[in-house]
Amino acid sequence: MNTKIVMIVSTIFLGILGISLSFFSEEIVMYLNVDSNTTNILFLQMLSALYLGFAIMNWMAKDTRIGGIYNRPIAIGNFMHFGVGALALIKMVSNAEFNKEIIIVLTFLYSIFAICFAIIFRTNPKIDSKK
């Protein structure tokens with residue numbers, strides 16, 4: 001598996017989520033029909049910081065060898081984030097009353113990333129003989 005592509009795509013995905021939550025947190029709260037109070041806005045902005053932190057970490061590690069024993073913390077951190085997120089979203093899909101389409105799309109994307117990072121974590125990278 002080409003880890004560089006997975007890292008770049010996950011960076012873009014997490015970056016879009018992070019920037020959206022940072023700059024449009026009040027609009028997102030209103031769209032999701034959640035109580036718009038300071039605590040909810042703060043939690044969304046803190047979530048934004050986590051997404052942006054993962055995005056920049058993935059961007060900076062995109063050119064390194066990942067998999068097996070190489071960059072194990074990056075691979076397992078991403079797998080844990082996307083795996084636990086996918087499980088929570090899968091559980092939420094059946095109970096969702098509002099915004100079900102958003103939850104389904106996020107569930108699909110999180111599941112794909114969880115599978116990709118599980119494969120990256122479990123396999124050894126191929127040695128590039130051109131270097």
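Only the coordinates and a few stated rules stand behind these numbers; no lab work does. If you're wondering where the values come from, they're calculated on a predicted model, not measured in any experiment. Heads up, the Cβs are rebuilt from the backbone with ideal geometry, glycines too, and the neighbour counts pull from every protein chain shown.
Of all alpha-carbon pairs in segment 29-79, indicate the percentage at a distance above 19 angstrom.
Details: 586 of 1275 pairs.
So the pairs more than 19 Å apart make up 46 percent of the total in segment 29-79.
Around F79, what is the net charge, scoring Lys/Arg as +1 and Asp/Glu as -1 over all other residues with Cβ under 14 Å from its Cβ? Before the final figure, lay out each step's value.
On the way: positive: R72, R122; negative: none.
Result for the neighbourhood of F79: +2.
Over segment 78-125, one equal point on each Cα, no solvent: what is log10 I(q)/I(0) by the Debye formula at q = 0.13, 0.23, 0.29, 0.32 Å⁻¹?
-0.31, -0.72, -0.96, -1.08
Dividing the alpha-carbon radius of gyration of segment 3-122 by 2.2 N^0.38 Å (N being the number of residues), what value is obtained? Walk me through the numbers on the way to the answer.
Numbers: Rg = 15.1 Å, N = 120, 2.2 N^0.38 = 13.6 Å.
So segment 3-122 has a normalised radius of gyration of 1.12.
With unit charges on the beta carbon (Lys/Arg positive, Asp/Glu negative), name the residue among T107, P73, S48 whose Cα is farthest towards the positive pole of the charge dipole of the chain.
Of the candidates, P73 comes out farthest on the positive side.
For the chain, what is the charge dipole size about the Cα centre, in debye to the nearest 20, if Lys and Arg each add +1 at the Cβ and Asp and Glu each add -1 at the Cβ?
With Lys and Arg at +1 and Asp and Glu at -1, about 920 debye.
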